[in-house]
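Some notes on the structure that comes next.
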């Protein structure tokens, strides 16, 4: 029977808990516990809210609504508010319970309807269904003579004593004895009013929970409310509006929603919070005038109207999309939204570009770069000329009097990115050394379309060396033709440029080379979305098959490690599975710790993008150690990257950073990786590399984790974790 109930109502407790925190756009368990306790400061309001959310979520499961939405509390928080609103107003009784049951179901149905109606515009339904639900039930109940109005709240001290005894009353009296300013009193009462608890006591506890959940949300609640208070003072508004039913919570909820939940917290989102305050005030005054005709409170109507209006008008922006920036992946924490966005902007700011590789194999030298001294001028300035040079920097052997003396002549030219052949010119004879064909300036040329308004052009190719035809689809690395000496070319080389139109002679556009290696006296530098300069010796990343296969995780693959720690005698086995979804997102999953590490594999680079789960798990440390891996071996090359700042920092530091994060970052988390050595055999390579994760506050390193990796037989043979004199070794073993 229990198994059947679990099957019908999976994660039911979680759906109840999340229904409380969703009111504040949160999924914090600690905050949920505080909110549940506060909701019972009025015992019957708390009980009514609980009955409502139980009824609504159970109905949602039985009808067959989306289980993720139910579990997340999306379908429960509006019935919860309706239940508490009715519970504070009516006395408990069987007639009331019947009305409450159907009111919660009605609110659920309105929620699902609004999900379809409002959701098709990409907007949240917020607490609109709560408004419809409680207004409809309030007007209908005027005809229900069996319902009686509650007189609770008149003797508050007695009610507090019944809940928590004399100590509870003492704490309440102590708070009242602080002689707080009128604005502070209204602020706390407004916070409590969100859960239909109108005491300073309730608001004080909610403010503590809000601070624990999010420092940014707490700051926004203060900024929103006290900006409203000052606005009322400045324009001579009626402060009574803020204290009447304490509807000042509209300013608080709007500020949290706009300042840090639906928008990435920033100086721009904070500015908009302040600018929206007068609009909320106007909405409060005008809607009160209308709803008073029907003897209905306005509740959260201004909050809903202003948030929906603002989010909707942002969709019509034609520029300044980042000021403010909408949240793309919601993590239910203003801090996590901000830190992840900062990290994503730093790591992937160039990933708007399709990676375009160098159009050759091996090492070539840039003999003319952007804004060159010969031909790369004006509208054609963003281009490169490439040749092959020897150790002395010469481009040829022997006398250099014939084309065949030049190292690059007749070498293969390859496709820089997937695309389709747009144009080919193949009728220009190669020049003798020192001669130029000014009539057919570009010589033999190929143009490839990679995307809308993205074309690459390679010129001065050898006549009749083309391996492809116009209209043919080509892949990265396919041989296109051979290097020649045609057109305006006194000696063999290739001219390479990116352009936005498909014509020979089109002007260039400033576009980076995706990933490549810069060579300098046997020292290597990894370059990503950069622009080679004149004199640079560059190459594409030469893939190491062992490294590539070891980090090429395939959905369905099982990876098993035997783990031994210096501080634990027993060994343990850890199993991961490679999983994916319909959008081709892929991740490593550890069922035992319920942890996931999302990753991507782009050509010659493996990198992790996101982690969720247990930060003490082996998977988390693997995520840190293999955060970004080059799958080509270059001894002593250094790869760097950065982690989201909240991922590794100690709580006391990140707590302080949270308060000023929208304006200034004083801490960062860095990643570094370096290849140490490689042993080659005929069929395999044995590769060793090290990596580290560091947390820095200013210039001081406050935490460091070091990793060692050993790759052999196309798998991760072993990786070792060093932190605080603790050594953990994980060795890959065969799965059964």
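The values are calculated or read from the model by the stated rules, or taken from the named source; none is laboratory data. Fair warning: this is a prediction, and the values are worked out from it, not measured in the lab. For neighbour counting, all protein chains shown are included, and Cβ atoms are generated from backbone atoms with ideal geometry for every residue, glycine included.
Some points to look at:
- Meets criteria (within 20 Å of residue 304 (Cα to Cα) and modelled with pLDDT of 90 or more) for residue 245: no
- Filtered residue count, segment 63-88, keeping only those that are part of a loop (DSSP other than H, G, I, E, B) and out of contact with any helix residue (DSSP H, G or I) (no Cβ under 8 Å at 6 or more places or on another chain): 2
- Residues of segment 502-526 that are exposed (fewer than 13 other Cβ atoms within 10 Å of the Cβ) and touching a residue at least 24 places away in the same chain (Cβ under 8 Å): 503, 505, 510, 523.
- Test result for residue 498, surrounded by 15 or more Cβ atoms within 10 Å (Cβ to Cβ) and more than 22 Å from residue 533 (Cβ to Cβ): no
- The strands (runs of 3 or more DSSP E) found wholly in segment 619-736 and carrying at least 2 residues that are more than 25 Å from residue 597 (Cα to Cα) and touching a residue at least 40 places away in the same chain (Cβ under 8 Å) occupy 667-680, 685-697.
- Selection count where residues are assigned to a helix (DSSP H, G or I) and on the phi > 0 side of the Ramachandran plot, scope segment 21-46: 0
- There is no residue in segment 239-257 that is within 30 Å of the chain's Cα centre (by Cα) and either in the same structural domain as residue 24 (by TED's automatic domain parsing) or not in a helix (DSSP H, G or I) (or both).
Yes/no matrix, rows are residues, columns are (1) at pLDDT below 90; (2) outside the structural domain of residue 46 (by TED's automatic domain parsing); (3) touching a helix residue (DSSP H, G or I) at 6+ places or on another chain (Cβ under 7 Å):
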site: 123; (1), (2), (3): no, no, yes
site: 134; (1), (2), (3): no, no, yes
site: 165; (1), (2), (3): yes, yes, no
site: 169; (1), (2), (3): yes, yes, yes
site: 181; (1), (2), (3): yes, yes, no
site: 186; (1), (2), (3): yes, yes, yes
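- When segment 289-306 is filtered for residues that are in a helix (DSSP H, G or I) and buried (at least 18 other Cβ atoms within 10 Å of the Cβ), the ones remaining, listed by number, are 301, 302, 303, 304, 305, 306.
- When residues of segment 93-121 are limited to those that are over 13 Å from residue 53 (Cα atoms) and in contact with a strand residue (DSSP E or B) (Cβ under 9 Å, 6 or more places away or on another chain), the one surrounded by the most Cβ atoms within 10 Å (Cβ to Cβ): 96
- Applying the criterion of being in contact (Cβ under 8 Å) with a residue 24 or more places away in the chain and out of contact with any strand residue (DSSP E or B) (no Cβ under 7 Å at 6 or more places or on another chain) to the residues of segment 546-575, the residue that is surrounded by the most Cβ atoms within 10 Å (Cβ to Cβ) is 548.
- Meets criteria (touching a residue at least 60 places away in the same chain (Cβ under 8 Å) and either assigned to a strand (DSSP E or B) or buried (at least 16 other Cβ atoms within 10 Å of the Cβ) (or both)) for residue 578: no
- Screening residue 543 on (1) closer than 30 Å to residue 365 by Cβ; (2) touching a strand residue (DSSP E or B) at 6+ places or on another chain (Cβ under 9 Å) shows it passes everything except condition (2).
- Every test in (1) closer than 30 Å to residue 274 by Cβ; (2) touching a residue at least 60 places away in the same chain (Cβ under 8 Å); (3) in contact with a strand residue (DSSP E or B) (Cβ under 9 Å, 6 or more places away or on another chain) is passed by residue 333 save one, and that test is (3).
- Candidates 451, 439 - the one that is within 50 Å of the chain's Cα centre (by Cα) and either within 23 Å of residue 506 (Cα to Cα) or in contact (Cβ under 8 Å) with a residue 40 or more places away in the chain (or both): 451
- Yes/no for residue 472 being farther than 19 Å from residue 407 by Cα and free of Cβ contacts under 8 Å to residues at least 40 places away in the same chain: no
- Listed by first and then second residue, the pairs with beta-carbon distance under 7 Å, at least 6 apart or on different chains, first residue in segment 1-26 and outside the structural domain of residue 52 (by TED's automatic domain parsing), second modelled with pLDDT of 95 or more, form an empty list.
- When each of 453, 463, 475, 397 is tested for being under 20 Å from residue 363 (Cα atoms) and surrounded by fewer than 20 Cβ atoms within 10 Å (Cβ to Cβ), the lone residue that passes is 397.
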